[in-house]
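Scroll down for the structure; my scribbles are underneath it.
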Amino acid sequence: MEIGIGYAFGAVEGTLLCLGGVAIASSLVFLLTKRWGMRLVEVFISREKIDSLRFINNEEKVKRLIFILFFIPGTPKDILTYFVGLTKIKLPEFLIISLIARIPSVVSSTIGGNLIQQQNYEYAALLFLITGTVSLAGITLYNRFINRRKKSKKT
């Protein structure tokens with residue numbers, strides 16, 4: 001979506017549209033989760049996955065963790081949005097933290113879409129290669145983090 005919006009509207013307008021859409025969707029999911037709690041979350045996310053994210057309930061660390069996990073490309077932001085609705089964080093705090101953290105990823109995608117629209121394929125390919133590499137590193141870091149959490153709970 002972000003690439004297509006960057007293609008259609010340009011990097012700046014595309015970024016603003018994407019962040020606006022993310023804010024609306026995240027708010028809706030957050031508020032629905034606050035309303036229906038675990039019953040709603042379990043419809044979309046397995047209990048095992050929910051349990052693996054229980055570390056976010058530490059109020060001292062929750063805001064920092066939300067920022068880091070939303071900043072790292074490749075982390076499951078949809079799952080995290082559902083889960084954050086189960087914590088004590090307030091909607092305005094969540095939106096500010098998560099939107100700021102998402103900016104680099106959204107900007108790179110909309111710039112990439114704009115580069116394609118301008119038929120600047122070499123730079124678009126380079127940008128997507130760099131973004132893909134960072135995303136793979138993010139996925140790897142996230143998985144290691146979750147696996148360490150699982151191992152520390154078992155011991």
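The values are calculated or read from the model by the stated rules, or taken from the named source; none is laboratory data. Model, not experiment: these values are computed from the prediction. Quick reminder, even Gly has a Cβ in these numbers, built from the backbone with ideal geometry, and neighbours come from all protein chains shown.
Structural remarks
- When segment 107-134 is filtered for residues that are surrounded by 17 or more Cβ atoms within 10 Å (Cβ to Cβ) and either of a type in the set (G, A, S) or outside any helix (DSSP H, G or I) (or both), the ones remaining, listed by number, are S108, S109, G112, G113, A124.
- In segment 10-52, residue surrounded by the fewest Cβ atoms within 10 Å (Cβ to Cβ) [restricted to those that are more than 12 Å from V106 (Cβ to Cβ) and touching a residue at least 60 places away in the same chain (Cβ under 8 Å)]: L31
- As a summary of the residue check, F55 satisfies the conditions (1) closer than 14 Å to I96 by Cα; (2) of a type in the set (F, W, Y); (3) at pLDDT below 85 except for the one numbered (1).
- Counting the residues of segment 72-94 that are closer than 27 Å to R47 by Cβ and either assigned to a helix (DSSP H, G or I) or modelled with pLDDT of 95 or more (or both) gives 11.
- Qualifying residue in segment 107-123 (condition: of a type in the set (S, T, N, Q), touching a residue at least 40 places away in the same chain (Cβ under 8 Å) and touching an Asp or Glu at 6+ places or on another chain (Cβ under 8 Å)): yes
- Among the residues listed as F30, F94, F44, F9, the single one being more than 22 Å from V134 (Cα to Cα) and in contact with a Gly (Cβ under 6 Å, 6 or more places away or on another chain): F30
- Test for M38: is it at pLDDT below 95, of a type in the set (A, V, I, L, M, F, W, C), in contact with a helix residue (DSSP H, G or I) (Cβ under 8 Å, 6 or more places away or on another chain) and under 30 Å from Q119 (Cβ atoms): no
- Some residue of segment 107-120 being modelled with pLDDT of 95 or more and either over 21 Å from F9 (Cα atoms) or out of contact with any helix residue (DSSP H, G or I) (no Cβ under 9 Å at 6 or more places or on another chain) (or both): yes
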